[in-house]
1. Considering only strands (runs of 3 or more DSSP E) fully contained in the range 228-321, which possess at least 3 residues that are among the β-branched types (Val, Ile, Thr) and within 16 Å of the ligand (Cβ to nearest atom)?
2. Which pairs have Cβ atoms under 6 Å, sit 6 or more apart or on different chains, and link a residue in the range 216-237 that is among the basic types (Lys, Arg) to one that is buried (at least 20 other Cβ atoms within 10 Å of the Cβ) and in a helix (DSSP H, G or I)?
3. Determine which member of the set Val109, Val114, Val121 is within 27 Å of Trp61 (Cα to Cα) and in a loop (DSSP other than H, G, I, E, B).
4. Are any of the residues in the range 70-84 within 16 Å of the ligand (Cβ to nearest atom), surrounded by 15 or more Cβ atoms within 10 Å (Cβ to Cβ) and touching a residue at least 12 places away in the same chain (Cβ under 8 Å)?
5. Please give the number of the condition His208 fails out of (1) more than 13 Å from the ligand (Cβ to nearest atom); (2) assigned to a helix (DSSP H, G or I); (3) open to solvent by 40 Å² or more (accessible area, probe 1.4 Å).
6. Name every residue in the range 284-325 that is under 15 Å from Asp136 (Cα atoms) and of a type in the set (A, V, I, L, M), in order of residue number.
7. Limited to the range 153-200, what total is found for residues that are within 14 Å of the ligand (Cβ to nearest atom), surrounded by 22 or more Cβ atoms within 10 Å (Cβ to Cβ) and assigned to a helix (DSSP H, G or I)?
8. Quick one: what pairs do we get from the range 184-196, first residue within 15 Å of Glu158 (Cα to Cα), second part of a strand (DSSP E or B) and of a type in the set (Lys, Arg), C-beta under 9 Å, 6+ apart or different chains?
Amino acid sequence: MKQSIHINRIAVLLLAAVLLVLLLLGWGLGMFADIEEEPYVSEDADRIVVGVSQLGSESMWRTANTESVQNTFTQQNGYFLIFNNARQKQENQIKAIRSFISQRVDYIVFSPVVETGWETVLQEAKEAGIPVILMDRNVDVEDKSLYVTCVGSDFVTEGEKAGHWLEDDLRRSGRADEDVNIVVLKGTEGSSSQIGRTRGFFSVAQDHDNWHILAQEYADFTSAKGREVMEGMLKRYSQIDVVVSQNDDMTFGALEAIGESGRSVGVNGDITVISVDGTHEALAMVADGVINVDIECNPDQGEYVSDVIRMLENGEQVEKQYYVDEDVFTIDNVTQDVLSKRSY
Ligand code: GYE
């Protein structure tokens, strides 16, 4: 009797020991799975894994750009998308890119919030053998081999288009030789779109001695900041003839500020409004004569990036820069058809 109790106890202890070993083993395997960081590998082995670092969600344009990425890099199209929103912080983008490298994605796509400061992390991607595709904005690096290609807009041309439209408009209205007071709302400091649009517009402005740039200030591509900056300008300058706003969201904010100041805008108003992007809401205002001109910036870049990836997959040579198609919209060409087709 005594002996059988003893044997039972040994059996229970043995069972407990076996269970403990099994438990530790399972935990250990789980840990290794974490270290490997490859949750997608087994089910998604033949999909192309793309890590996308989006810079933020500051504007309607950006929302449309994000949607374009998310609608393109889908399972049905053969992709596995890892998406990260950096909320306007370069350090968050660097972190996201490092995590893409450690997950060994097939491609890194990113929209750099500013142009400078990318060498180290891009070098890390290069050493890991992961091709980097820039989307929307560019980087300022000496070693161009740090990225494969850039798909985006020709920002200098956009700025020039704004300047040339103003030249034509002043000529048409017989004011080509009159003094013109201009204020400029600039996007995120140090971003390609801000730098290029400023350069383009100023290259035209410098040919006109009668164009006076009263002020040029950063308003971060947001409506709230556009409103704040415009309010300040309206307080400082009693005679503003033209507002050049580097995106639609800043324009919306500026229009609120101008409205409150009692001044009128647009085709029949005191202040000429030049905007950039061409979102649905802004084009509706162009059609209503509130915004004089909107220089289109095309956010539908997902497909373009996907085309580049397909070319790389086929071993084809790609160009260093691809520009998307873009138009200029005034009251003369924003038709109902244009408005109904504009999805963003
Ligand atoms: O115009 C603006 C956005 O870089 C082209 O960034 C992009 C710009 C766009 O927030 O609305």
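1. Working: elements: 242-245, 272-277, 293-296.
The qualifying strands (runs of 3 or more DSSP E) are 272-277.
2. Sorted first by the residue in the range 216-237, then by its partner, the pairs are Arg227/Gly253; Arg227/Ala257.
3. Values: Val109 fails: in a loop (DSSP other than H, G, I, E, B); Val121 fails: in a loop (DSSP other than H, G, I, E, B).
Selected residue: Val114, the only one of Val109, Val114, Val121 that is within 27 Å of Trp61 (Cα to Cα) and in a loop (DSSP other than H, G, I, E, B).
4. no
5. (2)
6. Listed by number, the residues that qualify are Val305, Val308, Val324.
7. Filtering the range 153-200 down to residues within 14 Å of the ligand (Cβ to nearest atom) leaves 153-159, 161-162, 185-198, 200.
In the following step, the residues that additionally are surrounded by 22 or more Cβ atoms within 10 Å (Cβ to Cβ) were identified as 153, 155, 158-159, 161-162, 185-188, 191-197, 200.
Those still in the list that are assigned to a helix (DSSP H, G or I) too: 155, 158-159, 161-162, 192-197, 200.
The qualifying residues number 12.
8. Gln194/Lys186
The values are calculated or read from the model by the stated rules, or taken from the named source; none is laboratory data. Worth saying up front: this structure is predicted, and the values here are computed from it rather than measured. Methodologically, a virtual Cβ is constructed for each residue, glycine included, from the backbone with ideal geometry; neighbour enumeration extends over all protein chains shown. Ligands, DNA and RNA are excluded from the accessible area calculation, which covers all protein heavy atoms including side chains. Shrake-Rupley method; radii C 1.70, N 1.55, O 1.52, S 1.80 Å.
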